[in-house]
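A short worksheet on the structure shown next.
The values are calculated or read from the model by the stated rules, or taken from the named source; none is laboratory data. Just so it is clear, the structure is predicted and the values come from calculations on it, not from any experiment. Because the Cβ atoms are built from the backbone with ideal geometry, glycine has one as well, and the counts that use them run over all protein chains shown. Just so you know, the surface numbers come from the protein's heavy atoms only, side chains and all, with ligands and any DNA or RNA stripped out. Shrake-Rupley method; radii C 1.70, N 1.55, O 1.52, S 1.80 Å.
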Amino acid sequence: MARYRYPVPPSHEITPRELYAQRRRFMKQAAVVLGAAALPGLFPGSALAWRDRVSDVAPGRFNTDEALTDRETATSYNNFFEFGTGKEDPKRHAQQLRTDPWSVRIEGEVDRPGVYTLEDILKPHDLEERIYRLRCVEAWSMVIPWVGFPLGDLLRRFEPTSRARFVEFETLHDPEQMPGQRRDILDWPYREGLRLDEAMHPLTLLAVGMYGEVLPNQNGAPLRLVVPWKYGFKSIKSIVAIRLVEDQPVGSWEASQPREYGFYANVNPNVRHPRWHQATERRLGERGRRRTLMFNGYEEQVAALYTGMDLEKHF
Ligand SMILES: Nc1nc2c(c(=O)[nH]1)N[C@H]1C(S)=C(S)[C@@H](COP(=O)(O)O)O[C@H]1N2
Ligand SMILES: [Mo]
């Protein structure tokens, strides 16, 4: 596939290679405690419609106290190739996407597969606010107050079988509503995957809102993934399928440019993108640059997932 390649970030997004020292940091062996959620039935829970619960949620765990990216910026500068490759395209073109009614297929290696309405999916879950950094492979980053719940809580409810080792996600495929899909930019529908333990990690969030409101379409309404220690392309938007599988799935970006986008896509300042370095980043709304942190600053939480792996090989 020829397909789209991100243009090289403009020079203000990049500092010369000589200006940063290659650093190898020993990863802390952080003990990660997976929260055990015992959810009795499939659909008991709040009587309030989920959209009415988004504006009143408790602060969650792992929140950064860094300044938030302003909402206007976070909703006007987006990557959502289904609506075009320009940063302003999603805001302009995503408004036509119908997000209600919405349903999600839970399939593959689970004991309770099915097509579930978004209402049923959300009913048992308490929503919380998670203030996370997210860093794009294009070397910009932002800080967003998401509203959502841990993906692991949802997966446990549908009971993965012993064969499930990975989770694959799919975005809606509907070229009538998504004009970008009329062109062969990526291998549609947009797909992404996680290892099961990454998917179950308490940092991994399914988001339905941001800034105390329901997600704007351009940010992935009505349901998107947020995996804050990985490059932004793993955080797939407008999800219609969650599939538990035995074999490592191939995401749309990996399928189009395997040399540039790996399965893991962990934020790693020491592993160059083939066409630019990943050592620094520009926080949207700021002038200078920041040093990019290992695992986007979530090293303490997630390093243990990768013990013994060569992260230059498994980039
Ligand atoms: N379906 C879909 N999901 C997607 C994308 C996309 O093009 N299509 N872009 C990804 C990329 S590259 C990034 S950086 C983030 C951007 O999220 P934001 O627009 O909310 O900032 O969404 C990710 N999720
Ligand atoms: Mo990205």
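Hey, does segment 200-221 have a residue that's within 25 Å of PHE295 (Cα to Cα), buried (at least 20 other Cβ atoms within 10 Å of the Cβ), within 16 Å of ligand 2 (Cβ to nearest atom) and of a type outside the set (A, V, I, L, M)?
Looking for residues that are within 25 Å of PHE295 (Cα to Cα), buried (at least 20 other Cβ atoms within 10 Å of the Cβ), within 16 Å of ligand 2 (Cβ to nearest atom) and of a type outside the set (A, V, I, L, M), one finds at least one in segment 200-221, hence yes.
Based on this model, can you work out whether GLY220 counts as more than 22 Å from THR64 (Cβ to Cβ) and within 14 Å of ligand 1 (Cβ to nearest atom)?
Here the answer is no, as GLY220 does not meet what is asked.
Hey, which of the strands (runs of 3 or more DSSP E) in segment 213-311, taking only ones fully inside, have at least 1 residues that are over 19 Å from the mean Cα position of the chain (by Cα) and among the polar types (S, T, N, Q)?
Because the criterion is at least 1 residues that are over 19 Å from the mean Cα position of the chain (by Cα) and among the polar types (S, T, N, Q), the strands (runs of 3 or more DSSP E) in segment 213-311 that meet it are 280-283.
Would you mind finding the one in VAL167, VAL137 that is in a strand (DSSP E or B) and crowded, with 21+ Cβ neighbours inside 10 Å?
Values: VAL137 fails: in a strand (DSSP E or B).
Result of the check over VAL167, VAL137: VAL167.
Write out, first by first residue and then by second, each pair whose Cβ atoms fall under 8 Å of each other, whose residues are 6+ apart or on separate chains, and whose first residue, in segment 122-150, is over 25 Å from GLY288 (Cβ atoms) and near ligand 1 (Cβ under 10 Å from one of its atoms) while the second is modelled with pLDDT of 95 or more and open to solvent by less than 10 Å² (accessible area, probe 1.4 Å).
Here the result reads TRP146/ARG130; TRP146/TYR132; TRP146/LEU205; TRP146/ALA207; TRP146/GLY209; TRP146/MET210; TRP146/VAL226, each pair linking segment 122-150 to a residue that is modelled with pLDDT of 95 or more and open to solvent by less than 10 Å² (accessible area, probe 1.4 Å).
Inspect segment 77-92 for any residue being more than 16 Å from ligand 1 (Cβ to nearest atom), of a type outside the set (A, V, I, L, M) and farther than 14 Å from ALA207 by Cβ and give the result as yes or no.
Checking segment 77-92: not a single residue is more than 16 Å from ligand 1 (Cβ to nearest atom), of a type outside the set (A, V, I, L, M) and farther than 14 Å from ALA207 by Cβ.
For residues that are among the charged types (D, E, K, R) and within 13 Å of ligand 2 (Cβ to nearest atom), scanning just segment 225-256, find the one that is most open to solvent (accessible area, probe 1.4 Å).
LYS237
Residues being within 14 Å of ligand 2 (Cβ to nearest atom) and part of a helix (DSSP H, G or I): count how many of those fall in segment 53-81.
Of the residues in segment 53-81, 2 are within 14 Å of ligand 2 (Cβ to nearest atom) and part of a helix (DSSP H, G or I).
What pairs come up if the first residue lies in segment 262-284 and is over 21 Å from GLN248 (Cα atoms), the second is among the acidic types (Asp, Glu) and open to solvent by 20 Å² or more (accessible area, probe 1.4 Å), and their beta carbons are under 6 Å apart, counting only those six or more places apart or on different chains?
VAL271/GLU312
From the list PRO145, PRO113, which one is more than 16 Å from ligand 2 (Cβ to nearest atom), on the phi < 0 side of the Ramachandran plot and open to solvent by less than 30 Å² (accessible area, probe 1.4 Å)?
On the way: PRO113 fails: open to solvent by less than 30 Å² (accessible area, probe 1.4 Å).
PRO145 is the lone residue from the list that is more than 16 Å from ligand 2 (Cβ to nearest atom), on the phi < 0 side of the Ramachandran plot and open to solvent by less than 30 Å² (accessible area, probe 1.4 Å).
Of the conditions (1) near ligand 1 (Cβ under 9 Å from one of its atoms); (2) farther than 23 Å from ASP120 by Cα, GLN181 clears all except one; give me its number.
The single condition GLN181 does not satisfy is (1).
Any idea how many residues of segment 49-76 are of a type in the set (A, V, I, L, M), in contact with a helix residue (DSSP H, G or I) (Cβ under 8 Å, 6 or more places away or on another chain) and within 16 Å of ligand 1 (Cβ to nearest atom)?
1
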